1. With surrounded by 15 or more Cβ atoms within 10 Å (Cβ to Cβ) and either at pLDDT 90 or above or among the hydrophobic types (A, V, I, L, M, F, W, C) (or both) as the only criterion, which of B:Ala7, B:Ala23, B:Ala98, B:Ala67 stands out?
2. What is the number of the single condition among (1) within 17 Å of the chain's Cα centre (by Cα); (2) modelled with pLDDT of 90 or more that A:Ala96 does not meet?
3. Just need a number here: residues in the range A:60-84 that are assigned to a loop (DSSP other than H, G, I, E, B) and in contact with a helix residue (DSSP H, G or I) (Cβ under 7 Å, 6 or more places away or on another chain).
4. For the range A:29-41, give me each residue that is assigned to a helix (DSSP H, G or I) and either at the interface with chain B (Cβ under 9 Å from one of its Cβ atoms) or at positive phi (or both).
5. Could you give me the residue pairs with C-beta distances under 7 Å whose first residue belongs to the range B:70-83 and is surrounded by fewer than 13 Cβ atoms within 10 Å (Cβ to Cβ), whose second residue is aromatic (Phe, Trp, Tyr) wherever it lies, and which are 6+ apart or on separate chains?
6. Looking at the range A:115-163 only, could you name the residues that are more than 14 Å from chain B (Cβ to nearest Cβ) and buried (at least 17 other Cβ atoms within 10 Å of the Cβ)?
7. Just wondering, is there one or more residues in the range B:69-77 that are out of contact with any Cys (no Cβ under 7 Å at 6 or more places or on another chain), under 30 Å from A:Phe13 (Cα atoms) and among the aromatic types (Phe, Trp, Tyr)?
8. Show me the strands (runs of 3 or more DSSP E) entirely contained within the range B:1-99 in which 2 or more residues are within 14 Å of another protein chain (Cβ to nearest Cβ) and farther than 26 Å from B:Ala132 by Cβ.
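The values are calculated or read from the model by the stated rules, or taken from the named source; none is laboratory data. Owing to the predicted nature of the structure, the values given are computational and were not obtained by experimental measurement. All Cβ positions, even for glycine, are placed from backbone atoms using ideal geometry, and neighbour counts span all protein chains on display.
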Amino acid sequence: VSTDPVDDRAERFLALYDRALPEVYGYLLHRCGDVSVAEDLTSEVFLAAARSVRRDEWGDLSIAWLIAVARNKLVDHWRRKAREERGLQVMATDSATEDVTPFDQVEEGRAWATLRRLPAQYRAVLTLRYVDGLSVPEVAAELGRTLHATESLLARARGAFRRLYQEADDD
Amino acid sequence: MIDPLDALHRPSSPAEPRAEFAARLRQQIETELRRESITEVRITLTPILAVPDPDQAIQFYKDAFGATEVWLERLPGGAVYGELAVGDAKFEVTNEAAEHGNLGPQALGGTSVRLSLICPDPDAVAERAVAAGARIIFPITDQPYGYRQGRIEDPFGHQWLIGRPLDQAEQAR
């Protein structure tokens, strides 16, 4: 057993990494649907955590904490995507081209396929509310929006989801 | 019928990443954990010179002092940021920014900071600087305070002391 406090910290964090990796990576992969994005965000999560461990700020470092960091990274990712989409004036159904990496680790339900075709902003709010099961105030906090703005975004996102889901049925 | 939105609920969804990815990230984490703490960063102080035309100024400092470009960044608005090095001595050059009060000596009609460059052969450096367009304020001479030193003004109004300490034999003369 190591007595060096630095080594000890490193060992503990690496043990957490081994346990938490499938949870964090799986959380991100299921939600973004893109292997390379999921890998990039997973790296960001663990390297940020490693930096806080190095600064001796363990805090309540746990799988739940890492998932919360992953959720922030995912929201940032969707925010960047939403900005790009606004720049390109992408139509709702065109955003499916984002996911270029084959995504065969996850079974493709129709609801999931529909979710992936929505613009980033709608995807973000529906994922937090329905996939993660957060309350509306929690979703608002994650997105940095007011409760009112979040409710109205949710309503529009649900509408877009239902229309697209229905279209898939009609095809 | 179950609401398709409710069918999405999946709080936990573990997945195995690619083995190469998992191994590479583990290595990056180990490196990160063993990096030196931020408090061990060496303290440095770097002057940032405001000039009307950074590209022209950078060329002058290369010609005059044999400066090398450490990095150069062109910002979206057209501003240029460059870091130059003369030996181990570093300084940066960038555009004037009146909105932040960053004006060059010519715009100010004077300069509040002089730059003191210590180098092995101040005579040669001053000569080269003058050839590149600098103006002599005081020629390089042995000074009573133990330095061989002079002062020049570069084409942008920044003043440079150029000198080196006198050795004991020189001081005894």
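1. Every option except B:Ala67 fails the conditions.
2. Of the numbered conditions (1) within 17 Å of the chain's Cα centre (by Cα); (2) modelled with pLDDT of 90 or more, the odd one out for A:Ala96 is (2).
3. Going residue by residue through the range A:60-84, those that are assigned to a loop (DSSP other than H, G, I, E, B) are A:60-62.
Add one more test, that the residue is in contact with a helix residue (DSSP H, G or I) (Cβ under 7 Å, 6 or more places away or on another chain), and what stays is A:61.
Residues flagged as assigned to a loop (DSSP other than H, G, I, E, B) and in contact with a helix residue (DSSP H, G or I) (Cβ under 7 Å, 6 or more places away or on another chain) within the range A:60-84 amount to 1.
4. A:Leu29, A:His30, A:Arg31, A:Val35, A:Ala38, A:Glu39
5. Matching pairs, first to second residue: B:Glu73/B:Tyr81; B:Leu75/B:Tyr81.
6. A:Pro119, A:Ala120, A:Gln121, A:Ala140, A:Glu142, A:Leu143, A:Thr150, A:Leu153
7. No - not one qualifying residue is present in the range B:69-77.
8. none
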